[in-house]
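Encoded as structure tokens, the structure appears first; notes follow it.
The values are calculated or read from the model by the stated rules, or taken from the named source; none is laboratory data. Fair warning: this is a prediction, and the values are worked out from it, not measured in the lab. Protein only, heavy atoms only, side chains kept; ligands, DNA and RNA dropped before computing areas. Shrake-Rupley method; radii C 1.70, N 1.55, O 1.52, S 1.80 Å.
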Amino acid sequence: MKEVINIDKEEIETEEFKALLHAHFKPSVKIVELKLKNRKMSIERNDYFQNPLYWSEKSLNSLLTTSWVKTETITHPKRTNEPAGKVVYERFSHEIEKKITFKVIDPTTDLDIFSEWHNQARINEFWELKGEKKDHLKYIETNLKDEHTTPCLLLIDGKPTGYFEFYWTKEDRLGPIYDSQNYDRGFHFLIGDRRFLGLRNTDAVLKSVVHYMFVDDPRTQRVMAEPRSDNNKVLKYTEYFPAWKKIKEFEFPHKKAVLVECTRDRLFSGDYL
């Protein structure tokens with residue numbers, strides 16, 4: 001299906017252009033064609049979703065010279081921290097008709113909800129962070145200082161809904177488990193608000209997760225995850241969504257895990273977003 005937008009202008013400003021694309025690329029739309037007075041532009045669906053210029057302030061990352069640093073014995077590209085409170089990703093999901101936002105967690109405003117979630121039995125079963133606010137504050141502050149991790153609050157229509165940790169696998173404990181590359185990403189997550197559990201919401205959120213990590217740095221070719229082998233809900237989702245592929249089972253010191261992989265080519269060539 002093609003969406004044609006007639007604009008009675010010779011030029012269109014960047015923000016207006018992006019807003020039109022965001023509004024018109026609904027699930028069934030393969031091409032959006034903008035007709036201006038003196039020219040027309042056609043944008044295909046996968047070009048739209050994969051182009052970081054439409055999504056990320058960090059879209060020039062791939063043009064920068066790589067600086068190399070060492071973490072313990074691992075040599076890897078230098079990473080940078082995002083400041084607390086910064087919105088790093090936002091899009092309207094037409095599938096659930098809600099806005100999905102990832103914002104770097106800010107302990108001055110988000111500590112209470114973070115602590116509340118981790119003291120839920122269903123979340124503590126997997127995260128094992130049940131405790132007092134002072135312990136949770138220390139945990140958040142440590143992650144904000146860790147250059148290989150971006151700790152984020154998930155917001156749905158502006159309401160805190162979950163917590164995500166996006167990380168670079170090369171210098172993570174996951175790195176030695178497989179042939180990790182310099183810009184591979186991984187993540188841990190929890191959905192704190194029970195109202196947003198369920199396959200439909202999970203699908204919309206996790207598609208946004210991998211989309212964010214691929215557009216945040218165009219050099220990223222793989223997103224990895226390592227759910228516990230008994231986390232049947234997450235594993236069932238990776239079987240449901242064919243952009244994910246199970247690689248192997250392995251042992252961490254603290255858990256038996258399953259390594260799963262989502263590649264850039266599978267995600268963007270499959271019209272999954």
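What residue among Gly131, Gly192, Gly175 shows peak mean-square fluctuation when the chain is described by a Gaussian network model with Cα springs under 10 Å?
Result: Gly131 has the largest fluctuation of those listed.
Fully extended, how many nm does the chain gain between Leu137 and Met41 (0.36 nm per residue separation, minus their Cα-Cα distance)?
Full extension from Leu137 to Met41 adds 29.7 nm.
Working from Cα positions, state the angle (0 to 90°, nearest 10) between the long axis of helix 14-24 and the longest principal axis of the chain.
So the inclination is approximately 80 degrees.
What do you get for Rg/Rh over segment 123-224 if you use C-alpha atoms and the Kirkwood form of Rh?
0.97
Once you wrap a convex hull around the alpha carbon atoms of the chain, what is its projected area averaged over all directions, in nm²?
Averaged projected hull area, Cα only: 15.4 nm².
As a test of the formula, what do you get for the chain when each DSSP H run with n ≥ 4 contributes -39,500 (n - 2.57) and the sum is divided by the residue count, at 222 nm and rounded to the nearest 500 deg cm²/dmol?
One gets -9000 deg cm²/dmol as the mean residue ellipticity at 222 nm.
Within the chain, what whole-number % of the accessible surface is contributed by carbon and sulfur, with the 1.4 Å probe and all protein chains included in the calculation?
50
At 0.36 nm per residue, and after removing the present C-alpha to C-alpha distance, how many nm does the segment from Asp271 to Phe17 gain when stretched out fully?
Result: 89.3 nm gained on full extension.
Compute the Kirkwood hydrodynamic radius of segment 136-180, taking the inverse of the mean of 1/r over all pairs of distinct Cα atoms, and give it in Å to one decimal.
Evaluated over segment 136-180, this radius sits at 12.0 Å.
Give the ranking of Thr75, Thr108 by solvent-accessible surface, highest area first, calculated with a 1.4 Å probe.
Thr108, Thr75
In what order, largest first, do Thr71, Thr263, Thr142 sit by accessible area if the probe radius is 1.4 Å?
Thr142, Thr71, Thr263
Relative to the longest principal axis of the chain, what angle (0 to 90°, nearest 10) does the C-alpha long axis of helix 133-145 take?
60
Hey, what's the per residue convex hull volume over the C-alpha atoms of segment 36-134, in cubic angstrom?
229
How long is the gain from Glu90 to Arg195 if the chain were fully straight, where each residue apart is worth 0.36 nm and the alpha carbon distance is subtracted?
35.8 nm
Quick check of the Kirkwood formula: for segment 83-127, what is the inverse mean of 1/r over all pairs of different Cα atoms, in Å?
Kirkwood hydrodynamic radius for segment 83-127: 12.4 Å.
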